[in-house]
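First up is the structure itself, then whatever we jot down about it.
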Amino acid sequence: MVFKEVFPQLVQYLKEHDPEAPDSPDDLYLEELRSSALTFFYRLLFVFYAEDRQLLPVTDDKYDDYGLRKRVRVDIAKRMDSKDTFSQTLDDYYRRTCNLFKAIDKGDPSIGLPPYNGGLFDIKQHTLLNRVELPDSAFAPLLDKLSRRDIEENPKWINYRDLSVQQLGSIYERLLEFELAMTADRDLVIRPNIFARKTSGSYYTPDNLVNLILEKTIDPLINEKLELFKNESEKLKGRKSPKKERLKELKKVDPTSAILELKICDPAMGSGHFLVSLVDYLADRILESLVESEEIVDWLDKENSYASPLFEKINSIRDQIKQQAKENGWVVKDEQLDDRHIIRRMILKRCVFGVDKNLMAVELAKVSLWLHTFTVGAPLSFLNHHLKCGDSLFGEFVRGAEDYLEERGSMFIGPTVNQAKATAKGMADIEQITDADISEVKDSAEKFQVVEKVTNPLNRFFGFIHATRWMDTKDKKIKAAIQNILDSQAGDPVKLVSGEIKMPEDAESTLKSVFRTAK
């Protein structure tokens, strides 16, 4: 249904009602259209899932008149069943839906809705969705098809509550296989691209393989940290110093805190299936470790029993969210802020890394992880520092690039790399920010902007170096031009490659193919 009807219809409606749609859409506009349609689907997915699981305050009288369940989805269903007429000019349902998206992004205390932000609902992104006005006659049936099965004969509500995030991700990941094209008659067509997954490397990994990978790769790292803790506990057990001093010493190798220092990357994350499973796996092991570490330290009494420092952090985050909820009148239940919920958020911010060549796959992975770690009363975690669009198989390691340049007599790169490394340490600060309120999310984003501003030019330059090495050209003119750039004869090479200073005309024409490869 989604692939054959809903998505093609949405794309067509967006184009038909876009006041800025060109008569002859080029590839740039078609991609804008496709990404806008996908983003709209992701937003709907988020709300359907969150409302069905009561992650959004659907039981609150203040919210239910503005949510999608009661005033949009149920209302549309009743009108569809009674064969009611929908306006071909008024866009009440589309406006209601977009207004809810805006409220989720910015928050609305008057209806008990915290600001969830995160970027998914940012109205400054995908401006095409802001300028269209989809009439009820088009939008209502489309939304009903996403809400219920067997629309014509025996409509039944789709149970988003019991769908796993992995299932939702695999469904929406398939949408990435569709591309937009214009026919010779200038008609818009949506067609499957059989090479889409091969081109982007987006292949679904079965659960049993995911679990095997986690068991074989993550368990040894966790066991190593537990073993270190056991050995340290046994060593301190025989000492005569006060127990409080020994306890303080032992907490320096706390295994649960150490697990949160792990950095795990999926180099082709697709919809984030592996990363979602990773969050659960690490959360289980951390919860187990909290109990196990207390049992290991058998030489303490009840008054001085061992408790991981993580407990204090979890309680602090929970208290912060509850205080925010109390001040703003948000409905937050205690069971929605249990240890597992808080721990999953911490894992997401600190441990989870991912790369994918497909930009929309990256956005889908964010949605999957946001849904899975959704914490009522807390905004969506900042993820741009750990989930990136790019090619994980090609690129330069910093040390290797430095050696390559030093071999060619280029000594300029050292200070530039050192500056970038010093700035990149800000990533550690970002990971420690809990994102428990909207100001912390903004703080994370601002800190990362500083990191990107300093490191991006160097990243571009390393891309240039990588391209020149892969080309392995024997053209003496090109080799000489490359060496001249590395020798700083045309100015700072990093600024030259990043476009901060102009490339000399002779070098620009000679190295055009190199830059094209680097980009």
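The values are calculated or read from the model by the stated rules, or taken from the named source; none is laboratory data. Keep in mind it's a predicted model, so treat the numbers as computed, not measured. Note that we place each Cβ from the backbone using ideal geometry, even for glycine, and neighbour counts take in every protein chain shown. Please note that ligands, DNA and RNA were not included when accessible areas were found on the heavy atoms of the full protein model with its side chains. Shrake-Rupley method; radii C 1.70, N 1.55, O 1.52, S 1.80 Å.
Can you confirm whether Lys366 is assigned to a helix (DSSP H, G or I), open to solvent by 10 Å² or more (accessible area, probe 1.4 Å), within 19 Å of Ala283 (Cβ to Cβ) and not polar (S, T, N, Q)?
Yes.
Here's a check for you: in the range 13-67, which residue that is in contact with a Gly (Cβ under 7 Å, 6 or more places away or on another chain) and part of a helix (DSSP H, G or I) is nearest to Asp185 (Cα to Cα)?
Filtering first and then ranking leaves Glu51.
If Met471 passes every condition in (1) open to solvent by 50 Å² or more (accessible area, probe 1.4 Å); (2) among the hydrophobic types (A, V, I, L, M, F, W, C); (3) out of contact with any Ser or Thr (no Cβ under 8 Å at 6 or more places or on another chain) but one, which one does it miss?
In the conditions (1) open to solvent by 50 Å² or more (accessible area, probe 1.4 Å); (2) among the hydrophobic types (A, V, I, L, M, F, W, C); (3) out of contact with any Ser or Thr (no Cβ under 8 Å at 6 or more places or on another chain), Met471 misses (3) alone.
Output the number of the condition that Gln88 fails; it satisfies all remaining conditions of (1) farther than 19 Å from Val74 by Cα; (2) surrounded by 20 or more Cβ atoms within 10 Å (Cβ to Cβ); (3) over 26 Å from the mean Cα position of the chain (by Cα).
(2)
Could you check the range 385-419 and list, in sequence order, the residues that are under 30 Å from Val47 (Cβ atoms) and touching a Phe, Trp or Tyr at 6+ places or on another chain (Cβ under 6 Å)?
His385, His386 - these are the residues of the range 385-419 that are under 30 Å from Val47 (Cβ atoms) and touching a Phe, Trp or Tyr at 6+ places or on another chain (Cβ under 6 Å).
Considering each residue of the range 254-284, count those that are aliphatic (A, V, I, L, M), open to solvent by 10 Å² or more (accessible area, probe 1.4 Å) and in contact with a Ser or Thr (Cβ under 6 Å, 6 or more places away or on another chain), and give that number.
Count: 0.
Does Asp150 qualify as being in contact with an Asp or Glu (Cβ under 9 Å, 6 or more places away or on another chain) and open to solvent by 60 Å² or more (accessible area, probe 1.4 Å)?
In short, no.
Being hydrophobic (A, V, I, L, M, F, W, C) and within 28 Å of the chain's Cα centre (by Cα) is the filter here; which residues of the range 13-47 pass it?
Those that are hydrophobic (A, V, I, L, M, F, W, C) and within 28 Å of the chain's Cα centre (by Cα): Leu14, Leu28, Leu30, Leu33, Ala37, Leu38, Phe40, Phe41, Leu44, Leu45, Phe46, Val47.
Restricting the range 112-141 to residues that are out of contact with any Gly (no Cβ under 9 Å at 6 or more places or on another chain) and aliphatic (A, V, I, L, M), which is farthest from Gly67 (Cα to Cα)?
Ranking the qualifying residues of the range 112-141, first place goes to Leu128.
What pairs can you find where one residue is in the range 475-490 and more than 16 Å from Glu406 (Cα to Cα), the other is modelled with pLDDT of 75 or more and open to solvent by less than 70 Å² (accessible area, probe 1.4 Å), and their Cβ atoms are less than 6 Å apart, with a gap of 6+ or different chains?
Going by the 6 Å Cβ cut-off, the qualifying pairs are Ala490/Leu496.
Given (1) touching a residue at least 12 places away in the same chain (Cβ under 8 Å); (2) within 30 Å of Gln483 (Cβ to Cβ); (3) open to solvent by 30 Å² or more (accessible area, probe 1.4 Å); (4) of a type outside the set (A, V, I, L, M, F, W, C), where does Arg340 come up short, assuming only one miss?
(2)
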